[in-house]
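Report on the structure given below.
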Amino acid sequence: MTHNAVFWIVLSVLGVGLITLLSASLFTVEQRTVAVVQRFGKYVREAGPGIQMKVPFIDHIAGRVNLRVQQLDVGVETKTEDNVFVKMIVAVQYFVLPDRVYDAFYKLDDASRQIRSYVFDVVRAQVPKIKLDDVFEKKDDIAEAVKVELSHVMEGFGYGILKALVTDIEPDARVKEAMNEINAAQRMRVAANEKGEAERILKVKLAEGDAQSKALQGKGIADQRQAIVAGLRDSVDEFQRSVPGTTAKDVMNLVLMTQYFDMLKEIGASSRSNAILIPHSPGNLSALTDQIRNAMIEADQLSARPANGHAPPAPAADGRRSRDS
């Protein structure tokens with residue numbers, strides 16, 4: 001073997017040894033991560049992100065600690081004050097304190113198991129004091145109690161608690177179905193009340209409209225009668241001025257006669273009239289006039305009855321008082 005060959009072999013061995021030495025001396029650490037370096041099993045230092053060096057074959061990386069915020073979902077089954085079992089999901093957001101990496105790495109063997117145990121303890125101490133209906137409203141209070149307890153305990157182990165959230169509350173299936181039925185019944189009762197109120201308002205409005213309609217109708221009839229009376233009065237006055245010697249009775253008889261024949265004309269003009277005419281003669285109109293006048297006089301006397309209850313004597317048909325009264 002020549003000297004050149006030996007030289008190249010030695011050089012190759014040295015190169016391989018140098019590369020091995022460098023690879024054993026250099027290591028990289030990811031962002032938001034800390035590497036824990038030990039020497040013969042003893043803690044030496046913490047290596048931050050980037051390329052780092054260690055003593056080859058003497059120092060070694062015992063582990064890496066993640067500094068990012070992590071989330072642990074813990075499922076807890078417990079019962080409420082009214083003895084209803086519920087399943088709750090509590091999400092705990094935690095992180096390693098940058099200046100407490102040593103404690104986080106060496107004091108706890110399994111941080112997630114430790115957090116899970118404290119969540120179980122706090123939830124099972126808080127929820128049995130609350131009724132089922134109030135658990136949903138007080139879930140923020142439960143989450144705050146979990147956060148306070150975990151923050152107080154886990155800080156000694158190098159962990160910080162960012163937030164604790166109650167993300168789900170699931171009662172027993174039969175209890176959940178009963179709650180839905182109660183809610184449906186309450187909504188149906190409210191709907192029935194609203195429907196009844198709407199019907200009541202509709203009936204009130206219809207009654208008010210009917211009352212107003214009847215009031216207006218009565219006012220119209222009253223105005224119509226006033227107009228008829230005024231017209232008759234004007235006709236009587238005009239007739240007495242035009243025909244000297246006529247009395248109001250003669251004019252009224254003439255008006256009634258005219259209305260009588262107008263009525264017969266209207267009945268005869270209708271082809272579908274179902275009116276039945278009783279045999280009579282127009283000469284009876286004078287007697288009909290006397291009857292109407294007597295009825296009106298008696299009505300006036302009844303309305304003017306004194307407090308003692310005795311009515312004044314009614315006048316006879318010729319205007320004189322009856323002898324029997």
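The values are calculated or read from the model by the stated rules, or taken from the named source; none is laboratory data. All values reported here derive from a predicted model rather than from experimental measurement. We place every Cβ from the backbone using ideal geometry, glycine too, and count neighbours over all the protein chains shown.
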Which of the residues spanning region 130-146 are out of contact with any helix residue (DSSP H, G or I) (no Cβ under 9 Å at 6 or more places or on another chain) and outside any loop (DSSP other than H, G, I, E, B)? D134, F136, E137, K139, D140, A143, E144
Quick one: which of V190, V236 is outside the structural domain of D134 (by TED's automatic domain parsing), under 30 Å from L132 (Cβ atoms) and among the β-branched types (V, I, T)? V190
Which one of these is under 34 Å from the mean Cα position of the chain (by Cα), surrounded by fewer than 18 Cβ atoms within 10 Å (Cβ to Cβ) and free of Cβ contacts under 8 Å to residues at least 40 places away in the same chain: A125, A178? A178
Select, from D82, D103, the only residue that is in the same structural domain as G160 (by TED's automatic domain parsing), part of a helix (DSSP H, G or I) and of a type in the set (D, E, K, R). D103
Take K131 and decide whether it is more than 30 Å from S112 (Cβ to Cβ), in the same structural domain as L108 (by TED's automatic domain parsing) and either loosely packed, with under 11 Cβ neighbours inside 10 Å or charged (D, E, K, R) (or both). yes
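I'd like the full set of residues that are outside any helix (DSSP H, G or I) and among the charged types (D, E, K, R), limited to region 147-184.
K163, D168, E170, D172
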A careful count of residues in region 265-281 that are in a loop (DSSP other than H, G, I, E, B), at pLDDT 70 or above and among the aliphatic types (A, V, I, L, M) gives 0
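Could you tell me whether region 20-34 includes any residue that is part of a strand (DSSP E or B), touching a helix residue (DSSP H, G or I) at 6+ places or on another chain (Cβ under 8 Å) and modelled with pLDDT of 95 or more?
Within region 20-34 (the criterion being part of a strand (DSSP E or B), touching a helix residue (DSSP H, G or I) at 6+ places or on another chain (Cβ under 8 Å) and modelled with pLDDT of 95 or more), the answer is yes, since at least one residue qualifies.
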Taking the condition free of Cβ contacts under 8 Å to residues at least 40 places away in the same chain and in a strand (DSSP E or B), does V44 pass? yes
Top-ranked residue in region 106-122 [being surrounded by fewer than 13 Cβ atoms within 10 Å (Cβ to Cβ) and in a loop (DSSP other than H, G, I, E, B); ranked as farthest from the chain's Cα centre (by Cα)]: D109
Which of the residues that make up region 49-68 are within 27 Å of Y94 (Cα to Cα) and surrounded by 13 or more Cβ atoms within 10 Å (Cβ to Cβ)? P49, I61, A62, R64, V65, N66, L67
